[in-house]
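Have a look at the structure below before the remarks.
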Amino acid sequence: MQSITLSNVLPHVFAQRSDLKSEIWKQNVKFEKGKLYLVEAMSGTGKSTLCSYVLGYRHDYTGLVRFDDTDVKTLTVSNWVDIRQRNISHLFQELRLFPELTALENVEIKNKLTNFKTQAEIESWFERLGIADKLDAKVGRMSFGQQQRVAMIRALVQPFDFLLADEPISHLDDTNSAIMADIMMSEAKRQGAGVIVTSIGKHMELDYDQTFKL
């Protein structure tokens, strides 16, 4: 996958709004592999909706969302399974971890789908992020900031052409934010992938190729 394109996309919920000012909605926007993007949003402007469209969880919009030249509305369930395993990785804002499992088990569940990363690589990320002592801790007993770091590691244990990072550092201090940004961008660069960061406030301080106001 070389590009994700939104052509005149408008969520149905915004269809009656005449005051909509956006650099995403009702525009022609192209996200290209290998580039870094920031989508800045205010609450209620459709940030989570945008992520859902790109990941195929929702289709309640007019216009076109395309992967290269393929309209995503034509993709089958099997197509989406493959895409989410090998083309697009997502760091969810709400994390979507299993609280009854350990931090390492949460990561291994995804890694076992593709066997993309070694145990040593995974443990090195835990070490760098200051949560090496949490490998065998139940996620439900960890702080949100610690869980956020686990979720980021989980997002990176697969091949991807694009990484969609939704509010990736909302509960992290500057030191851990910088470490997370470095790990994320190093892995994206290694894979030649594009990165789309979304934020309604604090965001990673990176050299973005383009910033959009949602």
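Observations
- Residue within the stretch 156-166 that is under 21 Å from residue 48 (Cβ atoms), touching a residue at least 40 places away in the same chain (Cβ under 8 Å), in contact with a strand residue (DSSP E or B) (Cβ under 6 Å, 6 or more places away or on another chain) and charged (D, E, K, R) present: yes
- Qualifying residue in the stretch 4-17 (condition: of a type in the set (Lys, Arg) and touching a residue at least 60 places away in the same chain (Cβ under 8 Å)): no
Conditions (1) closer than 24 Å to residue 57 by Cβ; (2) out of contact with any Ser or Thr (no Cβ under 9 Å at 6 or more places or on another chain); (3) touching a residue at least 40 places away in the same chain (Cβ under 8 Å), marked per residue:
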position	(1), (2), (3)
80	yes, yes, no
84	yes, yes, no
89	yes, yes, yes
143	no, yes, no
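- Hey, residue 198 surrounded by fewer than 21 Cβ atoms within 10 Å (Cβ to Cβ) and either touching a residue at least 60 places away in the same chain (Cβ under 8 Å) or assigned to a helix (DSSP H, G or I) (or both) or not: no
- Subset of the stretch 160-181 that is in contact with a helix residue (DSSP H, G or I) (Cβ under 8 Å, 6 or more places away or on another chain) and either among the β-branched types (Val, Ile, Thr) or in a helix (DSSP H, G or I) (or both) - its residue that is surrounded by the fewest Cβ atoms within 10 Å (Cβ to Cβ): 179
- Some residue of the stretch 94-116 being among the polar types (S, T, N, Q), touching a strand residue (DSSP E or B) at 6+ places or on another chain (Cβ under 9 Å) and touching a residue at least 40 places away in the same chain (Cβ under 8 Å): no
- The stretch 131-167, subset among the aromatic types (Phe, Trp, Tyr) and out of contact with any Phe, Trp or Tyr (no Cβ under 8 Å at 6 or more places or on another chain), residue farthest from residue 36 (Cα to Cα): 144
- Residues in the stretch 121-143 that are under 14 Å from residue 105 (Cβ atoms) and either acidic (Asp, Glu) or exposed (fewer than 13 other Cβ atoms within 10 Å of the Cβ) (or both): 123, 136, 140, 141.
- Qualifying residue in the stretch 11-20 (condition: at pLDDT below 95, in contact with a helix residue (DSSP H, G or I) (Cβ under 7 Å, 6 or more places away or on another chain) and in a loop (DSSP other than H, G, I, E, B)): yes
- Boolean, residue 186 is within 14 Å of residue 148 (Cβ to Cβ) and out of contact with any Pro (no Cβ under 8 Å at 6 or more places or on another chain): no
- Filter pass, residue 4 being part of a helix (DSSP H, G or I) and within 28 Å of residue 157 (Cα to Cα): no
- On the stretch given as the stretch 21-57, residues that are within 14 Å of residue 210 (Cβ to Cβ), of a type in the set (S, T, N, Q) and not in a strand (DSSP E or B) total 1.
- Residue in the stretch 182-195 that is assigned to a helix (DSSP H, G or I), in contact with a helix residue (DSSP H, G or I) (Cβ under 7 Å, 6 or more places away or on another chain), of a type in the set (A, V, I, L, M) and under 16 Å from residue 90 (Cβ atoms) present: yes
The values are calculated or read from the model by the stated rules, or taken from the named source; none is laboratory data. Just so we're clear, the structure is a prediction, and the values are computed from it rather than from any experiment. Quick reminder, even Gly has a Cβ in these numbers, built from the backbone with ideal geometry, and neighbours come from all protein chains shown.
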